[in-house]
Amino acid sequence: MKPSFHISQLISLAGLILLFGQAGLSENAQEASLDPLLGDPVVEIQTVFEDERFPNVVVSTKGTVLATFGRKTLRVCRSEDGGKTWGEPIRIAESGIHGGGTTVDENTGDILVFVEDEHPPAPLTVYRSQDDGKTWLVDNVTIHPDSEGREVSMHMNEHGITLRHGQHKGRLLRPSRHYGEGNRPESLFPTHFTNAIYSDDGGKNWKASDPFPHMGTGEAAVVELSDGRIYYNSRRHWAPENVDSRRRWIAWSDDGGETWQDGGICEVLPDGAQDRDYGCMGGLVRLPVKGRDILFYSNCDSDTGRKQGTIWGSFDGGKTWPIKRLIYEGSFAYSSMSVGRPGTVSEGWVYLHVESDKGSKVARFNLSWLLEGKLTGDGNVPADLAQ
């Protein structure tokens, strides 16, 4: 006799499948111990893209590393073995400029990429992948102006995040910006500011946050700390007279990225080469270690020119940056960072995607590698990690 199923049984079975599928995503998004990030110090660097500009790097909920890149044609390279090898570039958009903010929705596993028609202010298209970055389709989204009616632009920020703590758990958040009276000439820089956009419905509708507390800011990055606060770190193209625009500018949010407080300067972190008041996009990531706020920041550490790429480490959520290490001495411009997911092949690795030598390179390294770096004198490395 053939088995039979009632509709109620089928619904229950479907519910279980959905439940376990979501649990799998949640498990991969969870934080773990320090152990996978330690061990023998390791750093590996390889060329991924041969031309163009504008990098992001993220890690999918399955542990696939995705390097997005493009100034004319937006492409992605995928690595399914933790960044050891890379597949051929996959074209996301036939034309357009990478808007940064590549975002992995940890609630669903979807991946969002933002592409502007030209250097903003410009029309924007959002692409969504539902198969781990293998294929991409145009997504129908709405990005609302801020509370003053100002339109939001994307270019060319660090990747987005999914919030994991507090009342806004599950929210998508990515840095963004407003170009004021226009991108150029430089006399318009004081009208620019950065902010963020956030979505509570999986990226279909986005709201704009209040502006960053200081004008003249450019590309930015956000991370969520273990207590649910958001740490904001921004490039600055312009600053008032007698204010240093060659260091990074920072702020915090305690409402899921809707408003920003305590804006100020980070005296330790350089904002690009120190021979010009112009800055450079930097990478930022928090390591997925339960109960600890270990942050990595990337930028060039040079007196002149975009070179001498360096990684800085913070162990108190960005209050101090006690250690740094040179990762690449040559050409080093815009950069992005991400970190592997617990329970996947990517676990234990930190990823850096950087513009370099007319294309891009991806490095993977571990915490042990950074711990052999140079002390900055700004705070201390925790005793349990000190060499």
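Laid out as a table, the results:
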read-out	value
Scan of segment 343-364 for residues that are on the phi < 0 side of the Ramachandran plot, in a loop (DSSP other than H, G, I, E, B) and either out of contact with any Gly (no Cβ under 9 Å at 6 or more places or on another chain) or of a type in the set (Gly, Ala, Ser) (or both), ordered by number	Ser346
Boolean, Val58 is out of contact with any Phe, Trp or Tyr (no Cβ under 7 Å at 6 or more places or on another chain), modelled with pLDDT of 95 or more and either outside any strand (DSSP E or B) or over 25 Å from Trp369 (Cα atoms) (or both)	no
Matching option when the condition is surrounded by 17 or more Cβ atoms within 10 Å (Cβ to Cβ) and out of contact with any helix residue (DSSP H, G or I) (no Cβ under 7 Å at 6 or more places or on another chain), among Gly149, Gly218	Gly218
Residue within segment 225-235 that is aromatic (Phe, Trp, Tyr) and at pLDDT below 95 present	no
Residue list for segment 108-146, restricted to those being modelled with pLDDT under 95 and in contact with a helix residue (DSSP H, G or I) (Cβ under 9 Å, 6 or more places away or on another chain)	none
Test: Ile294 is under 21 Å from Glu44 (Cβ atoms) and touching a Lys or Arg at 6+ places or on another chain (Cβ under 6 Å)	no
Candidates Glu44, Glu31, Glu80, Glu52 - the one that is within 26 Å of Leu284 (Cβ to Cβ), at pLDDT below 95 and charged (D, E, K, R)	Glu31
Subset of segment 301-323 (residues that are under 18 Å from Ala383 (Cα atoms), among the polar types (S, T, N, Q) and over 19 Å from the mean Cα position of the chain (by Cα))	Thr320
Top-ranked residue in segment 198-215 [being free of Cβ contacts under 8 Å to residues at least 40 places away in the same chain and touching a helix residue (DSSP H, G or I) at 6+ places or on another chain (Cβ under 9 Å); ranked as farthest from Leu173 (Cα to Cα)]	Met215
Residues satisfying the stated conditions in segment 131-171, i.e. closer than 26 Å to Leu352 by Cβ and without any contact (Cβ under 8 Å) to a residue 12 or more places away in the chain	Asp131
Top-ranked residue of segment 242-255 - restricted to ones that are part of a strand (DSSP E or B) and among the small types (Gly, Ala, Ser), ranked as farthest from Gln167 (Cα to Cα)	Ala251
Qualifying residue in segment 43-65 (condition: under 28 Å from Arg306 (Cα atoms), in contact with a Lys or Arg (Cβ under 9 Å, 6 or more places away or on another chain), buried (at least 18 other Cβ atoms within 10 Å of the Cβ) and of a type in the set (Ser, Thr, Tyr))	no
Within segment 201-242, tally of residues that are farther than 14 Å from Gly282 by Cα and of a type in the set (S, T, N, Q)	4
Residue count, segment 87-136 (criterion: part of a loop (DSSP other than H, G, I, E, B), polar (S, T, N, Q) and over 16 Å from the mean Cα position of the chain (by Cα))	5
Options Glu258, Glu181, Glu219, Glu241: the member that is in contact (Cβ under 8 Å) with a residue 12 or more places away in the chain and farther than 18 Å from Gly100 by Cα	Glu258
Selected residue (only one of Gly291, Gly343 is at pLDDT 95 or above and not hydrophobic (A, V, I, L, M, F, W, C))	Gly343
Ala273, sole failed condition from (1) modelled with pLDDT of 95 or more; (2) over 26 Å from Cys300 (Cβ atoms); (3) assigned to a loop (DSSP other than H, G, I, E, B)	(2)
Subset of segment 240-295 (residues that are of a type in the set (Gly, Ala, Ser) and crowded, with 16+ Cβ neighbours inside 10 Å)	Ser245, Ala251, Ser253, Gly256, Gly257, Gly263, Gly272, Ala273, Gly279, Gly282, Gly283
Any hit, segment 343-350, residues being under 26 Å from Trp252 (Cβ atoms) and of a type in the set (Ser, Thr, Tyr)	no
Checking Ala239 against (1) more than 19 Å from the chain's Cα centre (by Cα); (2) part of a strand (DSSP E or B); (3) among the hydrophobic types (A, V, I, L, M, F, W, C), the condition it does not meet	(2)
Only listed residue being crowded, with 23+ Cβ neighbours inside 10 Å, among the small types (Gly, Ala, Ser) and under 17 Å from the mean Cα position of the chain (by Cα), chosen from Ser356, Ser298	Ser298
Segment 35-50, subset out of contact with any Leu (no Cβ under 7 Å at 6 or more places or on another chain) and part of a helix (DSSP H, G or I), residue farthest from Ala67 (Cα to Cα)	Asp35
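The values are calculated or read from the model by the stated rules, or taken from the named source; none is laboratory data. Because the structure is a prediction, the values reported are computed rather than measured. Glycine also receives a Cβ, built like all others from the backbone with ideal geometry; neighbour counts cover every protein chain displayed.
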